[in-house]
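Below: one structure, written as structure tokens.
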Amino acid sequence: MRMSVAFFTILTQNLVFTRLLGLSGFSFLTQRGKSLLPSSLLVLCICPLNTVLLFLLQSLIADPVWTAVIAVCLTLLLTAAVDLLLRVLLKESASAVEPHLLTAACSGAILGILWLSDGSVSGVSSAFSYGIKEGTGFFIAAAMLEALKPAVCSEQTPAVFRGWRGIYLSAGLLSMAAACITASVLS
Amino acid sequence: MKPKGTLFLRRNFLLTEGLYAAAACCFADSLLHAAILSYILAFLMLFSVPLTALLPLRVPFPVRILVYSVTAGLVYVPAVMSARIMFDPSEVGKAGVFLPLLILCTALSESCTELLVPKKLTSFLLSLFCCMAGVCTAFLILGTLRELLGSGTLLGRTVFPSAPVPLFAAPCGGIILTVMLSAAVCAPFRTEKEAA
């Protein structure tokens, strides 16, 4: 029962459908003909680490504006370090990973900042589980949109709605469906 | 390939690339909120892009993105502080996560790195201004439409006795409206390759 409630919450209350976070990254990848799954898998890895890092950072900096800025810079600093390392190790192949890494870092940073603004986490383990939950929700939403991609990018879709606009419309409709399901369950 | 058309539309991150969509769809549900977003975005772009343009192009892409984000992050703090003076601080506070999102979305934009390519100062400033004005105008149009249609008000004053399309006040309605606006604005400037 507890597992099914958790799954239902992740499916309907994830940040992609409730606050449309991560859509810019999806648009960035769709316009480059990349899959959404590798990036969302990276988000699943980055998100728990990011929330733990922010939890530790939060105790040092009191002002939320500065905390948000430092969180963004720190996440991108780590991403740039990993990206440069990949460039050294993989040479030309690193360019295939680069867009996924960048979008994952941006999404991971924003999910972390959102957690900071919620301020509902009390310990490191709680921060880690929040990161896992939001990361999983993000991955599930990305998988659903990736499954819809062949349809929204096909020639049967009007040309003007093909690509990122189709993905956005699908996300909007799924968001509406998630809100309706949640409302009906609550009522 | 970028759509042909005026600079104002071609460099519009929101309408041609779908960036800032979360901020536009979730936070810009009224003209006031759209104005707050526009103000902070304009502040970020006008101060951080020229500073980052000083960086040589041979610097690797991840480092360029990082430098941009750090610069934008440093500009973001006075931007939020001045927004709290110009607008109602409680309304600025409602933006929450959507304000730092502006830093990250600009870092993602390919057009932003294009802006940094060395060119004549006047051309650079024109590109920057068009880019900024395009996104800010799109935010303001969306905010106005969403407040009018979704709540039946404008700047808090009642225009319609009941909201004509309450869906537009919600994030899912916001995204539908954003896509419709983007399709309507960009359709005349589509290239032949894109239309095929």
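The values are calculated or read from the model by the stated rules, or taken from the named source; none is laboratory data. A quick note: this is a predicted structure, and the numbers were derived from the prediction, not measured. For neighbour counting, all protein chains shown are included, and Cβ atoms are generated from backbone atoms with ideal geometry for every residue, glycine included. SASA here: full protein model, heavy atoms, side chains in, ligands and nucleic acids out. Shrake-Rupley method; radii C 1.70, N 1.55, O 1.52, S 1.80 Å.
Within the stretch B:18-57, the set of residues being facing another protein chain (nearest Cβ under 9 Å) and open to solvent by 10 Å² or more (accessible area, probe 1.4 Å) comprises B:CYS26 only. Residue pairs whose Cβ atoms lie under 8 Å apart, sitting 6 or more positions apart in sequence or on different chains, and linking a residue in the stretch B:80-97 that is buried (at least 21 other Cβ atoms within 10 Å of the Cβ) to a partner that is in a loop (DSSP other than H, G, I, E, B) and at pLDDT below 85, are B:VAL97/A:ARG19; B:VAL97/A:LEU21.
Where residues in the stretch A:47-67 are hydrophobic (A, V, I, L, M, F, W, C) and within 13 Å of chain B (Cβ to nearest Cβ), which of them is nearest to B:LEU66 (Cα to Cα)?
Of the stretch A:47-67, the ones hydrophobic (A, V, I, L, M, F, W, C) are A:47, A:49, A:52-57, A:60-62, A:65-66.
Next, from what is left, pick out any that are within 13 Å of chain B (Cβ to nearest Cβ): A:54, A:61, A:65-66.
Values: A:LEU54: 19, A:ILE61: 21, A:VAL65: 19, A:TRP66: 17 Å.
In this case the residue turns out to be A:TRP66.
Contact map, the stretch A:64-75: residues that are among the small types (Gly, Ala, Ser) paired with residues that are in a helix (DSSP H, G or I) and modelled with pLDDT of 75 or more, Cβ distance under 6 Å, separation 6+ or inter-chain. Pairs shown: A:ALA68/B:PRO100; A:ALA71/A:LEU54. If the condition is being facing chain B (nearest Cβ under 10 Å), of a type in the set (Ser, Thr, Tyr) and either closer than 15 Å to A:LEU57 by Cα or open to solvent by 10 Å² or more (accessible area, probe 1.4 Å) (or both), then the stretch A:68-103 contributes A:THR75, A:THR79, A:SER95. If you go through the stretch B:58-75 and keep only what is within 9 Å of chain A (Cβ to nearest Cβ), over 16 Å from A:LEU78 (Cα atoms) and open to solvent by 30 Å² or more (accessible area, probe 1.4 Å), you end up with just B:LEU74.
Among residues of the stretch A:155-178 that are within 9 Å of chain B (Cβ to nearest Cβ) and within 20 Å of B:ALA169 (Cα to Cα), those with a Cβ under 7 angstrom from a residue that is surrounded by fewer than 19 Cβ atoms within 10 Å (Cβ to Cβ) and among the small types (Gly, Ala, Ser), sequence gap 6+ or separate chain, pair up as A:ARG165/B:ALA183.
Return yes or no: is A:VAL5 at pLDDT below 75 and part of a helix (DSSP H, G or I)? Here the answer is yes, as A:VAL5 does meet what is asked. Looking only at residues that are of a type in the set (A, V, I, L, M) and modelled with pLDDT of 65 or more in the stretch B:106-130, which one is farthest from the chain's Cα centre (by Cα)? In this case the residue turns out to be B:LEU121. When the stretch B:152-175 is limited to residues that are surrounded by fewer than 21 Cβ atoms within 10 Å (Cβ to Cβ) and outside any loop (DSSP other than H, G, I, E, B), the one that is nearest to the other protein chains (Cβ to nearest Cβ) turns out to be B:LEU167.
For the stretch A:104-111, the criterion of being part of a helix (DSSP H, G or I), more than 8 Å from chain B (Cβ to nearest Cβ) and without any contact (Cβ under 8 Å) to a residue 24 or more places away in the chain is met by none of the residues.
Taking the stated definitions as given, is B:ALA133 crowded, with 21+ Cβ neighbours inside 10 Å, of a type in the set (A, V, I, L, M) and at pLDDT 85 or above?
Values: crowded, with 21+ Cβ neighbours inside 10 Å: no; of a type in the set (A, V, I, L, M): yes; at pLDDT 85 or above: yes.
In short, no.
Within the stretch A:18-37, which residues are in a loop (DSSP other than H, G, I, E, B) and more than 8 Å from chain B (Cβ to nearest Cβ)? Once the filter is applied, which keeps residues that are in a loop (DSSP other than H, G, I, E, B) and more than 8 Å from chain B (Cβ to nearest Cβ), the stretch A:18-37 yields A:ARG32, A:GLY33, A:LYS34, A:SER35, A:LEU36. When restricted to residues that are within 25 Å of A:PHE8 (Cβ to Cβ) and assigned to a loop (DSSP other than H, G, I, E, B), the stretch A:143-187 contains 1.
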